[in-house]
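Comments concern the structure below.
The values are calculated or read from the model by the stated rules, or taken from the named source; none is laboratory data. Not measured: the values here are computed from a predicted model. Here the Cβ positions follow ideal geometry from the backbone for every residue, glycine too, while neighbour counts run over all protein chains shown. Quick note on the areas: whole protein, heavy atoms, side chains included, nothing else; ligands and nucleic acids left out. Shrake-Rupley method; radii C 1.70, N 1.55, O 1.52, S 1.80 Å.
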Amino acid sequence: MKTSFVISAVNKKSQASIAGMIIIFLVSFLVFCICAIDVGYAVTARYKAQKTTETIALYMASYLNSLQDGEKNTESLNTVKENFENLYSDYKISGNYKFEITEIDVKTDAQYPVKIKITTETSIPAMFLRYAGIGVIKIFQTSYAAAYSAPLKEINSDENSYTYKSDEILTDKKGDDILIVYNKDYLVFAGLKINGGTENEEIYWTDMGIYGNDENKKRYTIENSSSSYDARCISKEETKYDFSADPNKTIGLIQYIKIIKTESCSSGIIPENPDETTGTDDAAEIKPVVTALNSVKIINRKTFLE
(Lines give C-alpha, C1' and ligand atoms only; values in the text may rest on other atoms or scores of the structure.)
Protein backbone atom coordinates (compact mmCIF):
# COMPACT_ATOMS: atom_id res chain seq x y z
CA MET A 1 0.00 0.00 0.00
CA LYS A 2 2.88 2.32 0.85
CA THR A 3 4.71 1.46 -2.34
CA SER A 4 1.63 2.23 -4.43
CA PHE A 5 1.32 5.64 -2.79
CA VAL A 6 4.94 6.52 -3.58
CA ILE A 7 4.52 5.54 -7.25
CA SER A 8 1.35 7.58 -7.49
CA ALA A 9 3.08 10.63 -6.03
CA VAL A 10 6.00 10.28 -8.48
CA ASN A 11 3.60 10.01 -11.44
CA LYS A 12 1.80 13.17 -10.36
CA LYS A 13 5.12 15.03 -10.08
CA SER A 14 6.14 13.82 -13.58
CA GLN A 15 2.82 14.87 -15.04
CA ALA A 16 3.15 18.30 -13.44
CA SER A 17 6.67 18.66 -14.83
CA ILE A 18 5.57 17.65 -18.33
CA ALA A 19 2.63 20.03 -18.19
CA GLY A 20 4.96 22.85 -17.12
CA MET A 21 7.36 22.07 -19.96
CA ILE A 22 4.49 22.05 -22.48
CA ILE A 23 3.27 25.42 -21.23
CA ILE A 24 6.80 26.88 -21.47
CA PHE A 25 7.20 25.44 -24.96
CA LEU A 26 3.86 26.82 -26.13
CA VAL A 27 4.60 30.26 -24.73
CA SER A 28 8.09 30.24 -26.29
CA PHE A 29 6.70 29.06 -29.61
CA LEU A 30 4.04 31.76 -29.52
CA VAL A 31 6.65 34.45 -28.82
CA PHE A 32 8.81 33.07 -31.64
CA CYS A 33 5.90 33.20 -34.07
CA ILE A 34 5.06 36.72 -33.02
CA CYS A 35 8.66 37.83 -33.56
CA ALA A 36 8.84 35.97 -36.88
CA ILE A 37 5.75 37.79 -38.16
CA ASP A 38 7.24 41.18 -37.29
CA VAL A 39 10.64 40.22 -38.68
CA GLY A 40 9.04 39.08 -41.93
CA TYR A 41 7.04 42.27 -42.08
CA ALA A 42 10.22 44.30 -41.50
CA VAL A 43 12.10 42.44 -44.25
CA THR A 44 9.30 43.13 -46.73
CA ALA A 45 9.17 46.78 -45.64
CA ARG A 46 12.95 47.03 -46.02
CA TYR A 47 12.77 45.83 -49.62
CA LYS A 48 9.96 48.29 -50.31
CA ALA A 49 11.93 51.12 -48.68
CA GLN A 50 14.98 50.30 -50.81
CA LYS A 51 12.95 50.45 -54.03
CA THR A 52 11.36 53.70 -52.90
CA THR A 53 14.76 55.22 -52.17
CA GLU A 54 16.07 54.11 -55.57
CA THR A 55 13.05 55.63 -57.30
CA ILE A 56 13.55 58.95 -55.53
CA ALA A 57 17.28 58.96 -56.33
CA LEU A 58 16.58 58.34 -60.02
CA TYR A 59 13.94 61.06 -60.17
CA MET A 60 16.11 63.61 -58.35
CA ALA A 61 19.09 62.88 -60.62
CA SER A 62 16.88 63.41 -63.68
CA TYR A 63 15.35 66.56 -62.19
CA LEU A 64 18.71 68.16 -61.38
CA ASN A 65 20.13 67.28 -64.78
CA SER A 66 17.27 69.19 -66.45
CA LEU A 67 18.28 72.40 -64.63
CA GLN A 68 20.94 74.95 -65.48
CA ASP A 69 24.46 74.26 -64.21
CA GLY A 70 24.22 76.82 -61.41
CA GLU A 71 21.01 75.21 -60.13
CA LYS A 72 22.29 71.64 -59.84
CA ASN A 73 22.51 71.62 -56.03
CA THR A 74 20.66 70.28 -53.03
CA GLU A 75 18.77 73.55 -52.49
CA SER A 76 16.95 73.01 -55.79
CA LEU A 77 15.55 69.76 -54.40
CA ASN A 78 13.80 71.21 -51.34
CA THR A 79 10.33 71.18 -52.88
CA VAL A 80 10.84 67.75 -54.45
CA LYS A 81 12.07 66.40 -51.11
CA GLU A 82 9.03 67.77 -49.28
CA ASN A 83 6.63 66.31 -51.86
CA PHE A 84 8.14 62.82 -51.58
CA GLU A 85 8.14 62.95 -47.77
CA ASN A 86 4.48 63.94 -47.70
CA LEU A 87 3.57 61.23 -50.20
CA TYR A 88 5.33 58.34 -48.48
CA SER A 89 4.35 59.49 -44.97
CA ASP A 90 0.69 58.96 -45.85
CA TYR A 91 -0.17 55.73 -44.03
CA LYS A 92 -3.11 54.97 -46.31
CA ILE A 93 -0.84 55.10 -49.37
CA SER A 94 2.46 53.67 -48.14
CA GLY A 95 1.69 51.95 -44.83
CA ASN A 96 4.42 54.07 -43.17
CA TYR A 97 4.06 56.05 -39.99
CA LYS A 98 6.73 58.45 -41.19
CA PHE A 99 9.07 58.79 -44.16
CA GLU A 100 11.98 61.20 -44.13
CA ILE A 101 14.84 61.93 -46.54
CA THR A 102 17.65 62.46 -44.07
CA GLU A 103 20.57 63.12 -46.43
CA ILE A 104 21.06 64.39 -50.00
CA ASP A 105 24.52 64.74 -51.54
CA VAL A 106 25.19 65.88 -55.11
CA LYS A 107 28.40 65.48 -57.14
CA THR A 108 29.42 66.00 -60.77
CA ASP A 109 32.24 64.75 -62.97
CA ALA A 110 33.20 64.49 -66.65
CA GLN A 111 31.20 61.29 -67.19
CA TYR A 112 28.10 62.11 -65.15
CA PRO A 113 26.75 65.68 -65.07
CA VAL A 114 24.80 64.72 -61.93
CA LYS A 115 25.49 62.07 -59.28
CA ILE A 116 23.31 61.92 -56.21
CA LYS A 117 23.22 60.09 -52.89
CA ILE A 118 19.91 59.70 -51.04
CA THR A 119 19.47 58.38 -47.48
CA THR A 120 15.99 57.74 -46.16
CA GLU A 121 14.46 56.80 -42.81
CA THR A 122 11.20 54.84 -42.89
CA SER A 123 9.17 54.26 -39.72
CA ILE A 124 6.71 51.36 -39.86
CA PRO A 125 4.32 50.12 -37.15
CA ALA A 126 5.14 46.88 -35.35
CA MET A 127 2.33 44.35 -35.40
CA PHE A 128 2.91 42.36 -32.20
CA LEU A 129 6.19 43.69 -30.78
CA ARG A 130 4.28 46.79 -29.70
CA TYR A 131 3.03 44.72 -26.74
CA ALA A 132 6.67 44.30 -25.76
CA GLY A 133 7.25 48.04 -25.89
CA ILE A 134 8.52 48.21 -29.50
CA GLY A 135 5.85 50.20 -31.31
CA VAL A 136 7.83 51.45 -34.32
CA ILE A 137 10.48 49.80 -36.50
CA LYS A 138 12.90 52.19 -38.26
CA ILE A 139 14.53 51.29 -41.57
CA PHE A 140 17.46 53.21 -43.06
CA GLN A 141 18.31 52.95 -46.77
CA THR A 142 20.86 54.63 -49.05
CA SER A 143 20.83 54.72 -52.84
CA TYR A 144 23.08 56.28 -55.46
CA ALA A 145 22.00 57.42 -58.92
CA ALA A 146 23.50 59.27 -61.87
CA ALA A 147 22.23 61.14 -64.92
CA TYR A 148 24.03 60.81 -68.23
CA SER A 149 23.67 61.14 -72.00
CA ALA A 150 24.04 58.09 -74.22
CA PRO A 151 24.18 57.85 -78.04
CA LEU A 152 21.75 55.46 -79.71
CA LYS A 153 23.27 52.78 -81.93
CA GLU A 154 22.49 52.74 -85.65
CA ILE A 155 21.07 49.31 -86.52
CA ASN A 156 19.85 49.85 -90.06
CA SER A 157 19.97 52.37 -92.92
CA ASP A 158 19.08 52.67 -96.59
CA GLU A 159 18.82 55.42 -99.21
CA ASN A 160 15.83 56.96 -97.47
CA SER A 161 16.12 56.31 -93.75
CA TYR A 162 18.17 55.55 -90.65
CA THR A 163 17.08 53.39 -87.71
CA TYR A 164 18.58 53.62 -84.21
CA LYS A 165 18.16 51.53 -81.08
CA SER A 166 18.74 52.28 -77.41
CA ASP A 167 20.24 49.61 -75.15
CA GLU A 168 17.48 50.36 -72.67
CA ILE A 169 13.87 51.45 -72.98
CA LEU A 170 13.73 55.23 -72.72
CA THR A 171 11.07 56.84 -70.56
CA ASP A 172 9.69 60.34 -70.24
CA LYS A 173 11.74 62.30 -67.72
CA LYS A 174 12.05 65.87 -66.56
CA GLY A 175 13.17 68.06 -69.46
CA ASP A 176 14.22 67.06 -72.98
CA ASP A 177 14.59 63.35 -73.73
CA ILE A 178 16.17 63.05 -77.19
CA LEU A 179 18.62 65.17 -79.20
CA ILE A 180 18.94 64.69 -82.97
CA VAL A 181 21.66 66.44 -84.96
CA TYR A 182 21.11 66.23 -88.73
CA ASN A 183 21.78 68.78 -91.47
CA LYS A 184 18.87 67.75 -93.73
CA ASP A 185 15.10 68.03 -93.51
CA TYR A 186 13.61 64.87 -92.05
CA LEU A 187 10.70 63.08 -90.41
CA VAL A 188 11.28 61.25 -87.14
CA PHE A 189 9.36 58.40 -85.51
CA ALA A 190 9.62 56.71 -82.11
CA GLY A 191 9.15 52.95 -81.88
CA LEU A 192 8.70 50.16 -79.36
CA LYS A 193 8.24 46.41 -79.49
CA ILE A 194 5.21 45.68 -77.33
CA ASN A 195 5.48 41.96 -76.53
CA GLY A 196 8.93 41.46 -75.10
CA GLY A 197 11.00 42.62 -78.05
CA THR A 198 11.65 39.36 -79.90
CA GLU A 199 13.80 39.62 -83.00
CA ASN A 200 10.99 39.21 -85.51
CA GLU A 201 8.40 41.23 -83.63
CA GLU A 202 6.94 44.23 -85.39
CA ILE A 203 7.93 47.68 -84.15
CA TYR A 204 5.05 50.06 -83.47
CA TRP A 205 5.90 53.58 -84.68
CA THR A 206 4.47 56.97 -83.78
CA ASP A 207 5.31 60.47 -85.01
CA MET A 208 7.91 62.11 -82.74
CA GLY A 209 8.38 65.30 -84.74
CA ILE A 210 5.46 66.98 -83.03
CA TYR A 211 7.42 66.99 -79.75
CA GLY A 212 10.52 68.71 -81.19
CA ASN A 213 11.57 72.25 -80.28
CA ASP A 214 11.83 73.25 -83.95
CA GLU A 215 9.46 76.21 -84.11
CA ASN A 216 9.38 75.96 -87.91
CA LYS A 217 8.32 72.31 -88.07
CA LYS A 218 5.62 71.75 -90.66
CA ARG A 219 2.80 69.32 -91.13
CA TYR A 220 3.96 66.89 -93.78
CA THR A 221 1.92 64.39 -95.75
CA ILE A 222 3.66 61.13 -96.54
CA GLU A 223 2.33 59.68 -99.75
CA ASN A 224 3.02 56.45 -101.56
CA SER A 225 1.16 54.18 -103.93
CA SER A 226 -1.07 52.66 -101.25
CA SER A 227 -1.62 55.21 -98.47
CA SER A 228 -0.85 58.61 -97.01
CA TYR A 229 -0.62 60.06 -93.50
CA ASP A 230 0.49 63.21 -91.70
CA ALA A 231 3.67 63.77 -89.70
CA ARG A 232 5.83 66.74 -88.66
CA CYS A 233 8.83 67.68 -90.78
CA ILE A 234 11.96 68.97 -89.00
CA SER A 235 14.37 71.41 -90.62
CA LYS A 236 16.36 72.52 -87.57
CA GLU A 237 19.87 71.02 -87.49
CA GLU A 238 19.89 70.41 -83.71
CA THR A 239 16.46 69.51 -82.36
CA LYS A 240 15.51 68.35 -78.87
CA TYR A 241 12.41 66.28 -78.18
CA ASP A 242 10.43 66.28 -74.94
CA PHE A 243 8.02 63.36 -74.54
CA SER A 244 6.04 65.24 -71.89
CA ALA A 245 4.83 67.58 -74.66
CA ASP A 246 2.44 64.77 -75.62
CA PRO A 247 -0.89 65.58 -73.92
CA ASN A 248 -2.13 62.03 -74.47
CA LYS A 249 1.05 60.36 -73.18
CA THR A 250 1.23 58.09 -76.21
CA ILE A 251 5.03 58.22 -76.37
CA GLY A 252 6.07 57.52 -72.79
CA LEU A 253 8.22 54.48 -73.64
CA ILE A 254 10.45 54.08 -76.68
CA GLN A 255 13.51 52.08 -77.76
CA TYR A 256 13.81 52.80 -81.48
CA ILE A 257 14.17 55.99 -83.51
CA LYS A 258 13.61 56.12 -87.27
CA ILE A 259 14.68 59.12 -89.34
CA ILE A 260 13.22 59.41 -92.83
CA LYS A 261 14.88 61.76 -95.30
CA THR A 262 12.84 64.36 -97.15
CA GLU A 263 13.80 66.62 -100.01
CA SER A 264 12.39 69.59 -98.11
CA CYS A 265 9.67 70.25 -95.58
CA SER A 266 7.55 71.86 -98.27
CA SER A 267 7.54 69.10 -100.88
CA GLY A 268 5.15 66.81 -99.03
CA ILE A 269 6.24 63.65 -100.82
CA ILE A 270 8.88 61.00 -100.19
CA PRO A 271 9.68 59.46 -103.59
CA GLU A 272 9.76 55.69 -103.78
CA ASN A 273 12.86 55.84 -105.98
CA PRO A 274 15.58 57.98 -104.36
CA ASP A 275 17.26 58.51 -107.76
CA GLU A 276 14.25 60.53 -108.86
CA THR A 277 14.68 63.23 -106.20
CA THR A 278 15.30 66.77 -107.37
CA GLY A 279 16.09 68.64 -104.19
CA THR A 280 17.71 72.04 -104.30
CA ASP A 281 19.76 71.74 -101.10
CA ASP A 282 23.29 70.90 -102.25
CA ALA A 283 24.86 70.75 -98.76
CA ALA A 284 26.73 67.52 -98.12
CA GLU A 285 24.71 65.18 -95.97
CA ILE A 286 26.12 64.36 -92.53
CA LYS A 287 24.84 61.17 -90.95
CA PRO A 288 22.39 61.86 -88.10
CA VAL A 289 23.52 61.61 -84.49
CA VAL A 290 20.82 60.55 -82.01
CA THR A 291 21.44 60.98 -78.27
CA ALA A 292 19.30 60.02 -75.30
CA LEU A 293 19.36 62.97 -72.93
CA ASN A 294 18.87 62.80 -69.21
CA SER A 295 19.08 59.03 -68.92
CA VAL A 296 19.44 57.86 -65.34
CA LYS A 297 20.69 54.72 -63.64
CA ILE A 298 21.53 53.32 -60.22
CA ILE A 299 25.26 53.41 -59.43
CA ASN A 300 27.32 52.03 -56.56
CA ARG A 301 29.04 53.94 -53.78
CA LYS A 302 32.47 53.67 -55.40
CA THR A 303 31.24 55.30 -58.62
CA PHE A 304 29.58 58.05 -56.63
CA LEU A 305 32.79 58.86 -54.73
CA GLU A 306 35.02 58.87 -57.82
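Any residue that is at negative phi and in a helix (DSSP H, G or I) - is there at least one of those in segment 94-116? Yes, segment 94-116 contains at least one residue that is at negative phi and in a helix (DSSP H, G or I).
Consider TYR112 carefully, then state whether it is farther than 14 Å from LEU58 by Cα and surrounded by 13 or more Cβ atoms within 10 Å (Cβ to Cβ).
Values: farther than 14 Å from LEU58 by Cα: no; surrounded by 13 or more Cβ atoms within 10 Å (Cβ to Cβ): yes.
Criteria not met by TYR112.
Is there a residue being at pLDDT below 90, surrounded by fewer than 16 Cβ atoms within 10 Å (Cβ to Cβ) and among the aliphatic types (A, V, I, L, M) anywhere in segment 157-173? Yes; the residues of segment 157-173 include at least one that is at pLDDT below 90, surrounded by fewer than 16 Cβ atoms within 10 Å (Cβ to Cβ) and among the aliphatic types (A, V, I, L, M). Taken over segment 66-82, the residue count meeting the criterion of being open to solvent by 40 Å² or more (accessible area, probe 1.4 Å), in a helix (DSSP H, G or I) and not charged (D, E, K, R) is 4. Considering every residue within segment 224-246, establish whether at least one is of a type in the set (Phe, Trp, Tyr), at pLDDT 90 or above and not in a strand (DSSP E or B). No: segment 224-246 contains no residue that is of a type in the set (Phe, Trp, Tyr), at pLDDT 90 or above and not in a strand (DSSP E or B).
GLU85 meets all of the listed conditions (1) open to solvent by 40 Å² or more (accessible area, probe 1.4 Å); (2) closer than 30 Å to MET127 by Cα but one, namely (1).
Is segment 280-300 home to any residue that is assigned to a strand (DSSP E or B), within 20 Å of ASP158 (Cβ to Cβ), open to solvent by less than 30 Å² (accessible area, probe 1.4 Å) and at pLDDT 85 or above? Checked segment 280-300: at least one residue is assigned to a strand (DSSP E or B), within 20 Å of ASP158 (Cβ to Cβ), open to solvent by less than 30 Å² (accessible area, probe 1.4 Å) and at pLDDT 85 or above.
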